[in-house]
Amino acid sequence: MKWLFALVPLVAAAPAIPAIELGDAPPAGMVKIRGITYGGNGCPQGTMSNQISADRSTVTLIFDSYIASIGPGVALAEQRKNCQLNVDIEYPGGFQFSILSADYRGYASLEKGVTGTMKSTYYFSGQQDQSSTEYSFVGPLTGDYLKHDQAESTSIVWSPCGANGMLNINSQVRLATSSSASKATGILTNDSTDLKFTQVVYVQWQKCTK
């Protein structure tokens with residue numbers, strides 16, 4: 001299973017924040033992924049590897065255990081899997097970024113009466129604001145899926161200004177059955193996620209104090 005994070009220098013649309021002027025994105029090479037930590041029953045220690053590009057602008061995360069399953073004889077704990085990712089990002093002062101878009105890819109095999117949910121929550125360390133995306137799957141269905149999320153729902157949360165940001169992503173896949181389909185089976189995976197970031201530069205003025 002593979003997730004791809006890419007830091008790309010795009011110019012963003014103006015966010016709904018007062019006293020902000022937008023400019024160009026940071027120069028190439030000034031935004032870098034410094035490292036990633038992870039944990040959760042969907043990505044236990046030792047079940048995820050990462051490959052960071054030479055310029056540290058892209059990281060590929062490869063999972064071995066991010067699968068939710070349900071059915072007779074399947075333990076309750078297997079019905080919900082989650083993974084907490086902490087992405088340490090370096091960027092110059094005077095800039096901030098938000099998630100521009102997210103593509104979720106995976107596989108679902110659900111019998112009639114089984115429903116699946118995939119949800120991701122994004123937030124920055126030290127801030128209370130969060131942004132979430134959620135998608136539902138209703139059986140019967142079998143096959144690969146691709147879900148795309150646009151900036152309108154994910155660009156609400158912005159990284160801290162003038163400081164490096166720790167982006168936290170808490171994702172989960174879970175399954176449930178209706179009361180009339182207690183013996184139905186299903187699996188739901190999150191095989192890959194492609195995230196693109198955009199940076200905005202801001203200038204905020206105030207009068208000098210004596």
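Could you tell me the calculated FRET efficiency between THR121 and ASP88, based on Cβ-Cβ distance and R0 = 22 angstrom, to the nearest 0.05? Can you show the working numbers first?
Details: r = 18 Å, r/R0 = 0.82.
After rounding, the FRET efficiency stands at 0.75.
Beyond 14 Å, what percent of the Cα pairs of the range 27-69 remain?
On the way: 476 of 903 pairs.
Across the range 27-69, Cα pairs with separations above 14 Å total 53 percent.
Values quoted throughout were computed directly from the atomic coordinates according to the rules given, and no laboratory measurement underlies them. This one's a predicted model, so the numbers in the text were calculated from it and none came from an experiment. Cβ sites come from the backbone with ideal geometry, for glycine too, and all protein chains shown count toward neighbours.
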